[in-house]
Amino acid sequence: MKPALLLMLAGLLMYSSPAGEQRYLASHLNQTKQVEGETSVIFRTTPENNYWMPKGEKDEFYLYVFLNGQKHIPQERVPINLSLVVDRSGSMRGDKIDYAKKALDYVIDQLGQEDRISIVQYDDGVEVVCPPQPVKNRAQLHQLVQGIQPDGATNLSGGMEKGFELVNTTKKSNEQLSNYIHRVILLSDGQANEGITDPRALRQIVNKQFNSNGITLSTFGVGAGFNEDLMTGLATEGGANYQFIGSPDQLPQVFNKELSGMVSVVAKNTELQIEFPSNLVSCQKVHLYPYKVQGNKINIQLNDLFSEQQKAILIKFKVKKRIKKNMEFISQLTYNNTVNGFSETREIHKTTVQLTDDEALYENAHNPEAGMGHALMVGGEKFQESMQQADRNKFEDARKLLREAKNIMEAHFERVEPHPFLWGLYEDMKKYGAEIDELEKMKKDKSYRGRRKFSLRQKRSKARTFRTISCPSF
């Protein structure tokens, strides 16, 4: 389901519920807002509940933040500073390298003369096929792409780092290029076996480039056997997109989605800061986005935000025992508004969560928007982890995580009428319980496991959809 359609349907569904409407209106009674400059981003901050019971059993509290780029059709798109990094290792032989080269050719044909492009190939070594340059001689670029041939091991870290280096060098070479979109596109089967191979270390490289240099990373898994967990993890840390290329006929659709998302920037240098009462709560996690905690502030770099792009951010706090003060959270969004001449915009929300001993008041003050965000992100995350554990033959762990995911969904459904997307995800969870049993019985059959893993890719994609969809727009 497309994000925009889900947004509309979820809004209609929950807004038709009187209880949901009352809870939503109540949440905004406890929030003040201050805006400096014209905005190009819809910005909301919603606590999971407007009240907190200090004598209750819970010690976890969630704050939900929703961002949506305003619809904007630019007369001229923002130019792109792009490095295409292609895996040419031995594991890419056959259809994979053909898909990758066709993908490079397709991107070259879509870029304009204002754009900057570089191409990197890697096996156990790294080679710059095309140094950074304007896209003027397409025939020559296509010829360079055709010379890419598979061989050797897979130094994914080396190729990726070279791509970042070329983009960053281009960015710093001319002040006028600073306002370009800066991105690396990595095409690989993700089977890293040379250089840095630890997934955590690879994610740290990407995270540093995203936060320090404002360079985003999109990853494209090529063929059916790529390392999906690695490629999606890198894209998450890189603040951009993950895509799967299963056949050449998917190339136009896949890359149209990638390139069209980059042409209508509405906010650059976007940063979200959450100030929290550190004497009352501690930050445990920011779901899906890289973040830094400094004292009582959480800093989340979001960089570029595009027209109608949605970002849903869920922050988990641990509440200290028997607190005696209301909890106040100050959320500040800053960015350069590209719709209004790169003017600086700052929007501040102050959200107060009040203490109460009234259990009925607390139970009726759950916010459906934050609740849906929690169900999608936490429930979807546990569902994904369950599938990962099943792939590793850890079936009891997979069942435990699946039970936890279902419990989260069911708790949300008790408060709010189920949205069709959430209900569909919940039905997938129930079906997967039987599939775990089936997979365990046939775990010695490698060909079966391969077929199962491939067929579950659609479910994994659905479980990850919470990365890009939002919750209801009221």
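At a glance:
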read-out	value
Members of segment 404-428 found to be crowded, with 16+ Cβ neighbours inside 10 Å, within 17 Å of E48 (Cα to Cα) and touching a residue at least 60 places away in the same chain (Cβ under 8 Å), listed by number	V416
Qualifying residue in segment 4-11 (condition: closer than 23 Å to K324 by Cα, open to solvent by 50 Å² or more (accessible area, probe 1.4 Å) and either at pLDDT 95 or above or out of contact with any strand residue (DSSP E or B) (no Cβ under 9 Å at 6 or more places or on another chain) (or both))	no
Of all residues in segment 222-273 being among the acidic types (D, E) and over 25 Å from N336 (Cβ atoms), the one that is farthest from the chain's Cα centre (by Cα)	D249
Pairs with Cβ under 6 Å, 6+ apart, first in segment 78-95 and over 20 Å from K172 (Cα atoms), second part of a strand (DSSP E or B) and open to solvent by 10 Å² or more (accessible area, probe 1.4 Å)	V86/Q121; R88/Q121
Members of segment 337-378 found to be of a type in the set (D, E) and either farther than 30 Å from I73 by Cα or not in a helix (DSSP H, G or I) (or both), listed by number	E344, E347, D357, D358, E359, E363
Hits in segment 202-221 (condition: touching a residue at least 40 places away in the same chain (Cβ under 8 Å), over 15 Å from the mean Cα position of the chain (by Cα) and open to solvent by 10 Å² or more (accessible area, probe 1.4 Å))	I205, Q209, N213, G214
Qualifying residues in segment 274-294 (those that are over 18 Å from the mean Cα position of the chain (by Cα) and assigned to a strand (DSSP E or B)) - the one surrounded by the most Cβ atoms within 10 Å (Cβ to Cβ)	I274
From the options K297, K324, K318, residue that is modelled with pLDDT of 95 or more, farther than 14 Å from F61 by Cα and open to solvent by 50 Å² or more (accessible area, probe 1.4 Å)	K297
Extreme residue, nearest to N168 (Cα to Cα), among residues of segment 219-240 that are part of a strand (DSSP E or B) and out of contact with any helix residue (DSSP H, G or I) (no Cβ under 6 Å at 6 or more places or on another chain)	A240
Residues located in segment 241-267, provided they are in a strand (DSSP E or B) and open to solvent by 10 Å² or more (accessible area, probe 1.4 Å)	N241, Y242, Q243, F244
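One line per residue, one yes/no per condition, for (1) free of Cβ contacts under 8 Å to residues at least 40 places away in the same chain; (2) assigned to a helix (DSSP H, G or I); (3) open to solvent by 10 Å² or more (accessible area, probe 1.4 Å):
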site	(1), (2), (3)
E127	yes, no, yes
K136	yes, no, yes
Q140	yes, yes, yes
Q143	yes, yes, yes
G159	no, yes, no
K162	no, yes, yes
L166	no, yes, yes
V184	no, no, no
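The values are calculated or read from the model by the stated rules, or taken from the named source; none is laboratory data. A quick note: this is a predicted structure, and the numbers were derived from the prediction, not measured. Methodologically, a virtual Cβ is constructed for each residue, glycine included, from the backbone with ideal geometry; neighbour enumeration extends over all protein chains shown. With ligands, DNA and RNA removed, areas are computed over all heavy atoms of the protein, side chains included. Shrake-Rupley method; radii C 1.70, N 1.55, O 1.52, S 1.80 Å.
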